[in-house]
Amino acid sequence: MRAVLLNTGTELLAGDVHDTHLAFIAREIFALGLRIEERRTVGDGAAIGESLRELFSRAEIVFVTGGLGPTSDDITRDVVAKLLGLELRTNAELLASLKERLKARGVKWVSSIAHQAEVPDGAQILPNENGSASGLYLKADINPQIRSPHIFLLPGPPRELQPMFRESGMSILRSIVPGPPLFERRFYKIACMGESLIEEAIGRKVLSIPGVELGYCARPGEVDVRIIGDRAALDQADQFIRSELGDLIFTADDETLEEVLVK
């Protein structure tokens, strides 16, 4: 299944906020055999609808972050509802919960906050225990007259998005992703050898193994090598990599060189 990510928010394009969503979501869904095939970032405006219209036509799963708040630039739910021909209706239970939570926190109620209780017809609410903006899940082809993928609308702040995704999003994904993961990922951290020399030593052979992807990431004092593929292919690649690089591989775990040396 092709999964894509659309980050919304002018603050991202202005460099005021750093995007952490791609790394987080990509790590989480990899366990299900999913990968983010494309990531886009757009501002708060017409580009949201333009990008979604294009992504809806060629993806099976679309993650959208940001634009679920109470202010005039929070238009994600409106745009999605319009694209899919769905009515936005106030969810009375969600509205009451919002009022109760804000009252308990001593936050003054203003009418614009009620917009966060508006839900497209048929959408599933994803609870937000760390903020006021609930997430939304819209199943594929939720409007039978319009082709659409599975859509996850998620809040922008990472402290809200991440718990919501783990607690609600992943359970939904497990129900829609067919079968066990088709591929795995392995890492090797290598010291005392540059990435060009590493590629010369292992690149051609590893890439000759059908179905294996190979990548490198240079960091201060080390190079990370990443391989992706099915288990049998990775076992074959692993044997070759270890035979060629040997003790230069200081770990195959998520450890720094300093942590390994301290052991």
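General observations
- Cα convex hull of the chain - mean projected area over all directions, nm²: 17.5
- Cβ-derived FRET efficiency at R0 35 Å, Val107 paired with Arg219, nearest 0.05: 0.20
- Annotation: extensible slack from His18 through Glu100 equals 26.3 nm (criterion: 0.36 nm per residue apart, minus Cα-Cα distance).
- At q = 0.11, 0.12, 0.17, 0.23 Å⁻¹, base-10 log of I(q)/I(0) for segment 46-115 (Debye sum, equal scatterers on each alpha carbon): -0.36, -0.42, -0.74, -1.07
- Most mobile listed residue (Leu234, Leu207, Leu98) in the chain, GNM with C-alpha springs under 10 Å: Leu207
- Global form of segment 109-179, assessed from the alpha-carbon gyration tensor, a/c cut-off 1.5: oblate
- The GluC sites (Glu not before Pro) found in segment 22-100 that occupy coil by DSSP, while having at most 12 further C-beta atoms within 10 Å, are Glu87.
- Alpha-carbon spread of segment 104-146, three principal axes, descending order, Å: 44, 21, 9
- Computed from phi, the 3J(HN,Hα) profile of segment 21-36 under the Karplus parametrisation 6.51, -1.76, 1.60 (θ = phi - 60°) reads 5, 4, 4, 5, 5, 4, 5, 5, 7, 4, 4, 9, x, 9, 9, 6 Hz, with x in place of Gly and Pro.
- With helices as the sole contributors, the chain gives -9500 deg cm²/dmol at 222 nm; each DSSP H run of n ≥ 4 counts as -39500 (n - 2.57), and the sum is divided by every residue.
- Column: log10 I(q)/I(0), Debye, Cα scatterers of segment 184-262, q = 0.11, 0.24 Å⁻¹: -0.25, -1.16
- Mean projection of the Cα convex hull over all viewing directions, computed for segment 1-109: 8.7 nm².
- Sequence-distant contacts, meaning Cα pairs under 8 Å at least 6 residues apart, place the relative contact order of the chain at 16 percent.
- Highest-MSF residue in the chain out of Ile36, Ile249, Ile75 [GNM, Cα springs under 10 Å]: Ile249
- Cα-derived Rg to Rh of segment 145-208, Kirkwood definition: 1.20
- Cα-centred dipole magnitude for segment 184-262, charges only on beta-carbon of K, R (+1) and D, E (-1), debye, nearest 20: 280
- Considered as an equivalent ellipsoid built on the Cα gyration tensor, segment 93-212 has semi-axes of 44, 22, 11 Å, the largest given first.
- Net length available on complete extension from Glu258 to Ala26 is 80.9 nm, with 0.36 nm assigned per residue and the Cα-Cα distance removed.
- FRET efficiency estimate (nearest 0.05) - Cβ-Cβ, Arg39 to Glu11, R0 22 angstrom: 0.85
Computed from the coordinates by the stated procedures, all read-outs in this text should not be read as laboratory data. Everything numeric in this text was worked out from a predicted model, so none of it was measured. Quick reminder, even Gly has a Cβ in these numbers, built from the backbone with ideal geometry, and neighbours come from all protein chains shown.
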